[in-house]
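Report on the structure given below.
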Amino acid sequence: MKRFNNGVFHFVVFISILLFLGPGLSMHPFSYDHSLKSECLMELPQTINTGEGFQELKIKENGENGKVVERVNLQKGGIYSISAWVKLRNEKERAVRITLRGKNVRYVDGGQVIAKKGCWSLLKGGFIVNVSAPVDILFKSDGSAAAEINVQNVRLQRFNKTHWRLQQDQVIEKIRKSKVRFQVSFQNKSTVEGSLISIKQIRPSFLLGCAMNYRILESDSYREWFVSRFRLTSFTNEMKWYTTEEVRGQENYTLADAMMQLAEENKVLVKGHTVLWDDKKWQPIWVKSITDPDDLKNVTLNRMNSVMKRYKGRLIGWDVINENLHYSYYEDMLGKNASAMIYSLASKIDPDIPLFINEYNTVEYAKGVGSPINVKNKMEEIVSYPGNMNIKGGIGAQAHFVPAQPNLPYMRSALDTLGSLGFPVWLTEVDMPKCPDQVKYMEEVLREAYSHPAVQGIILYAGPEMSGFNKLTLADNDFNNTEAGNLIDKLLQEWQQEPAEIPVEYHEHNDEEQSRIIGFSPEVSLLHGHYTVTVTNPSMKNFSTTFSLEVTTETGQLQVVQLELDV
């Protein structure tokens, strides 16, 4: 309850805010299911084709290189999502991937799953093709004969880019916004007539952030450019071990502390990067020379306690072991459970924030060490270690894309897999080398992430030219926007709620105790985030009250603010 008084007149206003989650939107016939049944099912699920664009495909033959589906004609520029249920006949488990093969298309990978003996696993993926051609769709597993793989319910769905964007926009309405209606209770009818509710978003729940480096401490222009745009960041190298302890026993947090202070002074949230790195190449020079596992264990514990306790309560998450799928320095030195034990200690030091895996070639490519399946399995391995079941995990996909058309349906299916554990998924280092269509491709990637229910944040690996970000450069040396910078400014504006004024409509309500004048606002759709809400009446010079509001997916409660003004 809030009470306000002045010395001119006295009246009481009861403000009741009713927040309603909007009903599920009716979807365009070109719909998509973001869920992923990650468990292995004993019975083959029934599938129902709904809407347009679906095609049920039949297995044609056991080919030399895999199980071959009937030939299909793919159209240039078409976006194709594909799903199938697969299992193995004899082997315990093995990765099965889906590829295209044709005259002008040779073994383009579109997704994979770990198939198992005796139960069905769902494989999801897709392709964007750059030529119109008849192609074979193959289900392959390196080292296994095609007869070993059982494939059923192969379903292909075609989108064009208009339909794909429409579907993204519909999902955004459903997952990033909620319906809000204001109910205002007044004592005096004269107060409700002409009253307005003004809404201003202070911070969106979904943040599009940008990395920063030490050069921001040397340039007022860089600092002003950054803080005028971004409310989320991570530091490129300044928190890393080789920066903070270049010489054993001589810690130096000067750069990281200064950048942390800059961020906090400007209300910029910071995601910690990184406690450790599993690549021996990027250890401090003195760590590389350690040969005794006990010595390495001791200095690793010192490092974790030093950096995590120093910034405890000031970060929104930590990359704990960077790239611990591609590399295995700590596992090689300390044993196969090194990652699980390190995450366990990290959780004890700072149990209140997500502890991230941070990997590359996860949403970018459909095969490799950093595949979504491998990332998911690594996180499951960590949280299943004794004592780790309550760890707050997080999935970081670096998203360093090559300068070519991103495989959007594969990216979507990869995010489905990464999100199936229920942990927050972030794109943490998004960039792409310069190319003629860089801006178009970057927009496609960013919109795909923003429209996925599992993704909770994006950090660009980018900046102005003077900061040294030479791939995704957002401003030139005079801090004028590049085309990529214009794109980011556009998305920042689009993903933040525009200020709005909502009229209060008169409605009289009588109860046993007193007669109250009730005003309602029309329903509005608001992006999730923190707001200030101000109620005014232009005809009443001294009438104004402001309060805070958070709109989230969980919002549904009744909030009541009592306002009392003295005559």
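A short reminder: the numbers here are calculations on the coordinates, not readings from a lab. Not measured: the values here are computed from a predicted model. Please note: Cβ atoms are built from the backbone with ideal geometry, for glycine as well, and neighbour counts cover all protein chains shown.
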Compute the FRET efficiency between residue 46 and residue 337 as 1/(1 + (r/R0)^6), taking r as their Cβ-Cβ distance and R0 = 41 Å, and round to the nearest 0.05.
0.50
I need the peptides 82-88, 66-72, 541-547 ranked by packing, meaning the mean over residues of other C-beta atoms within 10 angstrom, with the highest value on top.
82-88, 66-72, 541-547
Which entry in (i) 88, 64, 51; (ii) 130, 67, 44; (iii) 85, 56, 51 matches Cα extents along the principal axes in Å derived from the coordinates of this structure?
(i)
Would you list which aspartates and glutamates come within 20 Å of residue 116, measuring only between C-alpha atoms, while excluding same-chain residues fewer than 8 positions from it?
39, 43, 91, 93, 142, 148, 380, 381, 416
Structure-based [θ]222 nm, the chain - -39500 (n - 2.57) summed over DSSP H runs of at least 4, per residue, nearest 500:
-7000 deg cm²/dmol
Quick one: of 76/177; 312/440; 58/378; 117/367; 200/490, which pairs are farther than 27 Å apart, Cα to Cα?
76/177; 312/440; 58/378
Placing each pseudo-label 7 Å from Cα in the direction of the beta carbon, residue 217 and residue 119 end up separated by a distance in nanometres of 5.2 nm
Per-peptide average of other Cβ atoms within 10 Å, ordering 212-224, 369-381 highest first
369-381, 212-224
Here the relative contact order (percent) of region 206-495, from C-alpha pairs under 8 Å and at least 6 apart, is 17 percent
Considering only the other residues whose Cβ falls under 10 Å of the Cβ of residue 524, what net charge follows from Lys and Arg at +1 and Asp and Glu at -1?
+2
For region 133-164 and region 296-357, compute the distance between their C-alpha centroids and round to whole Å.
39 Å
Local electrostatic count, residue 89, Cβ distance below 13 Å [Lys/Arg +1, Asp/Glu -1]:
+3
I'd like the projected area of region 255-373, averaged over all directions, using the convex hull of its alpha carbons. Report it in nm² with one decimal.
8.4 nm²
Can you give the translational diffusion coefficient of region 370-414 in µm²/s, computed by Stokes-Einstein from the Kirkwood radius over Cα pairs at 37 °C and 0.692 mPa s?
263 µm²/s
Please give the net charge around residue 69, taking every other residue with its beta carbon less than 11 angstrom from that of residue 69, where Lys and Arg add +1 and Asp and Glu add -1.
+2
Rounded to the nearest 10 degrees, the helix 372-384 long axis (Cα) sits at an angle to the longest Cα principal axis of the chain of 70 degrees
Given contacts defined as C-alpha pairs under 8 Å and at least six residues apart, what's the relative contact order of the chain, whole-number percent?
22 percent
1/(1 + (r/R0)^6) with r = Cβ-Cβ of residue 310 and residue 405, R0 = 51 Å, i.e. FRET efficiency to nearest 0.05, evaluates to 0.75
Based on the alpha-carbon gyration tensor of region 334-378 and its eigenvalue square roots a ≥ b ≥ c, which shape applies: rounded if a/c is under 1.5, prolate if not and a/b is larger than b/c, or oblate?
oblate
Can you tell me which of 494-500, 482-488 comes out highest on packing, and rank the rest after it, using the mean Cβ neighbours within 10 Å?
482-488, 494-500
Rounded, prolate or oblate for region 206-495? Axes are the square roots of the Cα gyration tensor eigenvalues, ordered a ≥ b ≥ c, and the cut-off for rounded is a/c under 1.5.
oblate
